[in-house]
Amino acid sequence: MTEQPSPAQAGPDGFGPRGQTVAAPVHRPLEPDQLRWFCDPAQLPFETTEELEPLDGTIGQDRAVRALTFGLEMRGDGFNLFVAGPRGSGRSSTVDAYVRRLAESQPPPGDWCYVHNFKDAACPSALRLPSGRAAALAQDMRTLMDAVRRDLRRVFESREYRQQQQETHRTVVDTRDRLIRELNERAQQHGLALSMTPAGPMIVPLSDGRPMSQEELLRLPEQERDRIGRLGEELGRALREMGEQVRQLERETHLRMIEQDAQVARSTIEPLVHELEAKYSELTPVQEYLRQVQEDLIARAEEIHRAAQATAEPDREGQQPMPYPLAHLQQQREEAIFERYRVAVLVDNGASRGAPVVVETNPTYYNLLGRMEYRSELGSMVTDFSMIKAGALHRANGGYLVLNAIDVLSSPGAWDVLKRTLKTGLIRIENIGEQFTPIPAATLRPEPIPLNVKVVLIGPPNVYYLLQFQDEDFSRLFRVRADFDTEITRTDEHLARYAAFVARQVRDGGLRHFHRSAVAKIAEYGARLDDHQAKLSARFQQIGDIVAEASFWAAKAQSPLVMAEHVEQAIEEKTYRSNMVEDKIRELIQDGTLLIDVTGECQGQVNGLSVLDLGDYTFGRPMRITAQIALGADGFTNLDRETRLSGRIHSKGFLILTSFLQSRYAQDKPLAISARITFEQSYGEVEGDSASSTEVYALLSALSGIPLRQGVAVTGSVNQRGEVQSVGGVTRKIEGFYDVCRVRGLTGEQGVLIPPSNIKNLMLREDVVDAVRQGRFHIWAVTSVDEGMEILTGVRAGTQRDGQWEPGTVNERADKRLRDYAERLKGFGRPVGPAEVPERSPAEVDERTPRLRHS
């Protein structure tokens, strides 16, 4: 497009828009082929995705895969992984695939179980067994206890055992009867007798062979009563001695009966336990445990005997059976005796075919560490070792534990317990309430279990940096970082894998197969998501969504294959569902509520471009930027910055453009100017430096008095040398301005200025490319502010020779205006320069000066 402004006579002050100017050279806009990458379906070596093998693995994440492989295979303390990447980049699926593939090649770890600690019942002992043996041991112990109960009951109820017990008991009775009889005979020799009363045996006097009453005793002579008293005391001492002998005999008999029970129990239990010991002969901990079980059973033989007697069936005719509630209670008591011999299986890897892979989706404190459960018993909460439950760390022990970093950090206590467990290498089960209770309560303290696990945390990069700087333990515990990129280089190999990804989505989701034209559109959509012609997006969740939606629209159209138009329809429908805010803003521009001119010229006014991000949708919109100048010494002022509606990056950009203008025009004179610039109708914070070149154009237009074309919008940052630098969101910005021009009417004179370094980022919609191809819209790439001014004004920017600017150029007119301001301000008798700048209080300086946060 050629720009040929007509030279005209200058106004009275020499600065008007009609001043004599030099026409700018022709600046050619970008060609349509530079505005978008088109994927040629003919270059794809297949007809439909039915011919393709589904994708196995990931696409273009070589750095992440190498780090992931190293971290998973590296053995050593602290070599856990943090997989960093945005959601939808394939990080979780890639981790899952690689972890499971590696785990399948490794042997399964051993089982873990808890058993009763016979030395300290409050500290259950942990046993490690080979894979699959814990459940077998638990079953064997149940079988052993059933056999012990059955055989002991049979022995204790046998006639031989009862006869032995009766003989032992009869010995005590016979001895007691003999001693009583001898004492009674001795008493009778002296006219006394041994009488059995409820209070025990007593010595009483006799009269005619019968016990003497109290009245008869009182009628006896005193000498006789004294004799009877002396004999009574003597026989009483003998009675007490006899009682002590009887009690000693009963104690000895009781001990003898206990010993007999132990002998019977040992002869019954030892063969059963020895048989089980032979089965686990290679496991020393199990051997030791079985020996402790045997000795404890023998030591508790009497208790088992009493329980067996209490629950025994009636053995005599006419004996009534025990009532059901009492019988049930006795049955529970007998079962409780054998509860301590249970084996509580904590982790059973018997069915595993490799190392365990645990993906804990709800990593709470208890889900990670395990817990001790409680049951209500007689109004109180009780627990035992059989109620210890495994956590994710137990299940993943010997393998891999995959966690979401945000979930772990947001769960109270989970991050601290994970770190503590990794640092100590021990899984110590503790209820979280024990840390905060004011009065310690008696509870179990299970033996800690050694930990050998590879932890993989998955999270966004900002969480990684936060932990790296704020948690001193993090870098020691997670030494391997795997970065998942959001983009991949567009190569033939990656295009083929992109197609394989579509094939996998089709297979996994039961979708319709894609024609190669549809796959080409999917690839173009991937490039558009990444805003790069030579890249493809690695946000496979969004790509997968379009694949599924395109299949839906193909089904609605009853098409056997997904074609290119179905992909385009899916993208359009997805955009329409999200762009209500964009349409509302465009309506406000169209009806004049938001003032945007797309035709004509205006001095000190230009259309800048911004991007609005709604989370799931981003779009561009034009914003009017205006500049006003006056004679003064305030310099350049950004109204948005003064009202604190300017972000730090935008404030820095404004200071940079101020520096550029000062270096260009204040080498031989002070800047005697008060310039104000602002974003019109902007009511939120302005952030970013992409409008800094736009602000320069507005200021130069105001200084030179040359109007700017309103049909040309601008984006790009500027440095202190006046060079235009790249910005973000250039595709959305161009489309946003194009849509406004389209609804207002395309004139063929409209377009956008962008930095040359952003050409590779263009992935414009096809309707925008068509408008450029037809000459109804234009896009220029400008390398400097001077080049941009020439396109916006049609006037040559001009160069400086020997301290003088070329006459009739933009720079000459701007310099002339500034020199005139300096002379006029000097004529007022006021000092000009730095001494003229009013002093500000520290508070004013502080609030106007943007700060940088240094880490």
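The values are calculated or read from the model by the stated rules, or taken from the named source; none is laboratory data. None of these values were measured; they are calculated from a predicted model. Every residue, glycine among them, receives a Cβ derived from its backbone with ideal geometry; neighbour counts consider all protein chains shown. Accessible surface areas use protein heavy atoms only, side chains included; no ligands, DNA or RNA. Shrake-Rupley method; radii C 1.70, N 1.55, O 1.52, S 1.80 Å.
Helix 62-73 and the long axis of the chain differ in direction by around 20°, with both axes built from C-alpha atoms. Think of each Lys and Arg Cβ as +1 and each Asp and Glu Cβ as -1; about the Cα centre, that makes the dipole of the chain roughly 1120 debye. Taking all protein chains together, Ser674, Ser475 sort by accessible area into Ser475, Ser674, largest first [probe 1.4 Å]. Note on Arg507 and Glu252: the extension gain reaches 83.5 nm, defined as 0.36 nm multiplied by sequence separation minus the Cα-Cα distance. Dipole check for segment 729-825: with +1 at the C-beta of Lys and Arg, -1 at the C-beta of Asp and Glu, and the Cα centre as origin, the magnitude is about 220 Debye.
For the chain, what is the Kirkwood estimate of the hydrodynamic radius, computed as the reciprocal of the mean inverse distance between distinct Cα atoms, to one decimal in Å? If you can, show how the numbers build up before the last one.
On the way: mean 1/r = 0.0272 Å⁻¹.
Kirkwood radius, the chain: 36.8 Å.
Ranking Val519, Val382 from most to least accessible surface, computed with a 1.4 Å probe over the protein chains only, gives Val382, Val519.
Under 17 Å from a point 7 Å along the Cα-to-Cβ line of Asp591: which residues of segment 722-761 have their amide N that close? Under cut-off, by backbone N: 743-744. Relative to the longest principal axis of the Cα atoms of the chain, the long axis of helix 580-590 makes an angle of roughly 20 degrees.
What are the chymotrypsin sites (Phe, Trp or Tyr not before Pro) within segment 407-487 that DSSP puts in a loop, where the Cβ has at most 14 other Cβ atoms within 10 Å?
Here the chymotrypsin sites (Phe, Trp or Tyr not before Pro) that fit, given the DSSP loop and packing criteria, are Phe436.
Across the chain, C-alpha contacts under 8 Å between residues 6 or more apart give a mean separation that, scaled by the residue count, equals a relative contact order of 17 percent.
Accessible area per residue was computed with a 1.4 Å probe on protein heavy atoms; Asp348 scores about 80 Å². With the simple model of a label 7 Å out from the Cα in the direction of the Cβ, Ala42 to Ile759 spans 2.6 nm.
Considering only Cα-Cα distances, which of the following residue pairs are longer than 28 Å: Lys556/Lys760; Lys535/Lys574; Lys733/Lys816; Lys535/Lys556; Lys389/Lys454; Lys652/Lys760? List each step's numbers first, then the result.
Working: Lys556/Lys760 36 Å; Lys535/Lys574 22 Å; Lys733/Lys816 35 Å; Lys535/Lys556 32 Å; Lys389/Lys454 21 Å; Lys652/Lys760 26 Å.
The pairs that break the limit, which is 28 Å between Cα atoms, are Lys556/Lys760; Lys733/Lys816; Lys535/Lys556.
Restricting attention to segment 592-737, close to 75% of DSSP beta bridges with both partner residues there are antiparallel.
When all protein chains stay in place and ligands, DNA and RNA are ignored, the 1.4 Å accessible-area order of Lys574, Lys279, largest first, is Lys279, Lys574.
Within the chain, DSSP assigns beta bridges of which about 60% are antiparallel (rounded to the nearest 5).
For the chain, with all protein chains present and a 1.4 Å probe, just round the carbon and sulfur fraction of the accessible area to a whole percent. After summing per-atom areas, the C and S share lands at 49 percent. The 3J(HN,Hα) values that the Karplus relation (6.51, -1.76, 1.60; θ = phi - 60°) gives for segment 402-414 are, in residue order, 10, 9, 8, 4, 5, 5, 5, 5, 8, 8, x, x, 5 Hz. Gly and Pro appear as x. Just need the Rg to Rh number for segment 580-697, please, alpha carbons only, Kirkwood Rh. Over the Cα atoms of segment 580-697, Rg/Rh equals 1.01.
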